[in-house]
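Colleague: Once you've had a glance at the structure underneath, I'll fire off some questions.
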Ligand code: BGP
């Protein structure tokens with residue numbers, strides 16, 4: 001029988017992260033997270049990471065879209081669209097406000113009990129990311145985040161607490177959001193959000209520090225997987241990476257080699273998490289550079305024992321690299337080789353739009369890992385205009401339709417095992433990269449601007465009805 005559509009039980013839904021929509025940053029005993037000390041930036045202006053919360057600064061995550069108090073209304077709208085699942089994160093600081101607390105915070109645990117119950121009421125499966133850019137700021141300050149082996153224990157304790165509490169409500173988990181993003185080790189934002197390393201601390205300003213922190217993170221992830229399976233063997237626990245296909249700018253052999261080298265430098269995190277060991281190219285690279293990360297034999301055993309069940313990934317864009325910028329063996333920072341790809345368009349934020357790259361990604365990840373895949377983020381950040389008769393976001397529909405068309409080809413023509421699709425920011429929320437509200441992804445509009453003004457009223461965009469139809473037809477009607 002020829003397959004014509006997505007599989008039965010396909011997890012259609014949407015994705016968010018606690019810090020980008022919940023607000024209520026000090027309610028219910030919540031502690032300060034690294035996201036809570038990030039100011040609003042702007043297009044191409046990075047967010048500032050302040051040393052604690054400074055009164056008078058604009059910290060958009062503090063109130064966000066106040067999902068903490070609006071979640072019933074919002075989940076009702078997701079149910080109206082036909083969601084089968086809803087991906088969110090558990091804010092680490094609601095459960096362990098300081099990260100190193102003895103006991104968890106009951107009010108925080110209760111909030112997610114209520115939230116998951118509300119989802120399940122409508123038959124919506126919660127899909128949960130444990131750590132989505134929300135490390136307790138106390139762990140960052142006191143322990144240098146994942147720069148310290150102790151943070152492994154803090155994370156595992158948090159994970160186990162969540163697994164035990166929600167074992168009958170949540171089946172799908174991911175340990176760290178976009179764990180591979182820290183390969184951009186000169187980027188303040190990505191280092192702080194991924195591993196809690198602040199680049200203004202001298203010891204953190206280098207690639208060696210990134211490899212060390214990333215190692216502790218993959219160990220923490222593996223330990224969490226191991227413990228999770230003991231708590232509920234039916235759990236599906238995945239990794240989550242920001243997968244970006246790397247294209248050579250031309251067919252010049254040096255460009256092709258550079259693209260491959262760059263892929264190795266960016267995408268090894270999931271190799272370790274799926275295979276249970278480091279790829280030889282990473283071992284060789286670390287050796288050649290003279291880095292001496294603390295990797296014990298015991299760690300290597302843990303990595304083998306705690307491999308993930310699936311690969312969740314975000315897909316927004318592809319990248320082209322040119323050896324005119326840097327020779328393959330001289331590549332110091334993966335960011336430095338990137339050039340503009342003349343064959344694709346770009347968004348208002350200069351993110352290259354490449355639907356075919358999604359089919360490529362699905363095939364590449366399948367060939368590399370032979371595990372089910374889950375597209376847990378995809379979408380177009382755009383400025384929306386509210387008109388008298390609604391929000392006509394045909395550009396968003398067009399983006400999603402083109403990507404889903406390619407995903408469908410990967411499933412139907414190429415045999416990729418795809419579990420589900422949760423477009424990013426299914427309801428408008430604070431952009432992670434810019435801290436702005438005006439970079440919107442949602443099917444549901446939220447009345448709030450970059451200065452924090454607005455009624456918070458929710459309204460359905462045209463894409464809401466389009467996605468409802470897509471889900472209803474299980475992707476047959478795009
Ligand atoms: C991913 C993150 C999300 C998210 C998304 C869009 O990297 O996992 O948290 O926000 O990108 O990015 P931005 O919000 O910067 O547009």
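Quick note: the coordinates plus some simple rules give every number you see, no bench work behind them. The shown structure was predicted, so the numbers you read here are calculated from the model rather than taken from an experiment. Cβ sites come from the backbone with ideal geometry, for glycine too, and all protein chains shown count toward neighbours.
Colleague: Rounded, prolate or oblate: which one fits the chain, using the alpha carbon gyration tensor with axes a ≥ b ≥ c (rounded when a/c is under 1.5, else prolate when a/b beats b/c, else oblate)?
Modeller: The shape class here is rounded.
Colleague: OK, next. Under the 0.36 nm per residue contour assumption, what length would be gained going from the current alpha-carbon distance of residue 53 and residue 346 to full extension?
Modeller: So the extension gain works out to 102.0 nm.
Colleague: Would you order 473, 438 from fewest to most other beta-carbon atoms within 10 Å of each residue's own beta-carbon?
Modeller: 473, 438
Colleague: By how many nm would the segment from residue 336 to residue 478 lengthen if fully extended, with 0.36 nm per residue of separation less the alpha-carbon distance?
Modeller: Answer, rounded to one decimal: 47.4 nm.
Colleague: So for the range 1-108, averaging the separation of alpha carbon pairs under 8 Å that are six or more residues apart and normalising by length, what relative contact order in percent results?
Modeller: 40
Colleague: Sticking with this one: Test of understanding: extend the Cα→C-beta vector of residue 106 to 7 Å, then name every residue of the range 17-42 with backbone N under 16 Å from that spot.
Modeller: It comes to 28-30, nothing else.
Colleague: Compute the distance from the alpha-carbon center of the range 216-284 to that of the range 437-478, in whole Å.
Modeller: 32
Colleague: Okay, next question. Does anything in the range 252-280 have its amide N under 20 Å from the 7 Å Cα→Cβ label point of residue 304, and if so which residues?
Modeller: Correct set: 269-280.
Colleague: Need one number: nm distance between label points at residue 200 and residue 148, each 7 Å from Cα along Cα→Cβ, rounded to one decimal.
Modeller: Calculated label separation equals 1.9 nm.
Colleague: Contour minus end-to-end for residue 63 and residue 402, with contour as 0.36 nm per residue of separation and end-to-end as the Cα-Cα distance?
Modeller: 118.7 nm
Colleague: In what sequence do 428, 330, 66, 36 fall when counting other Cβ within 10 Å, fewest first?
Modeller: In increasing order of surrounding Cβ atoms, one gets 330, 66, 36, 428.
Colleague: Separate question: Return the calculated 222 nm mean residue ellipticity for the chain, to the nearest 500 deg cm²/dmol, obtained by summing -39500 (n - 2.57) across DSSP H runs with n ≥ 4 and dividing by the residue count.
Modeller: Rounded to the nearest 500, the figure is -12000 deg cm²/dmol.
Colleague: Distance from the Cα centre of the range 323-372 to that of the range 145-206, in angstrom?
Modeller: What the calculation gives is 24 Å, centre to centre.
Colleague: By counting other Cβ atoms within 10 Å of each Cβ, how are 218, 371 ranked from fewest to most?
Modeller: If I rank by nearby Cβ atoms, fewest first, I get 371, 218.
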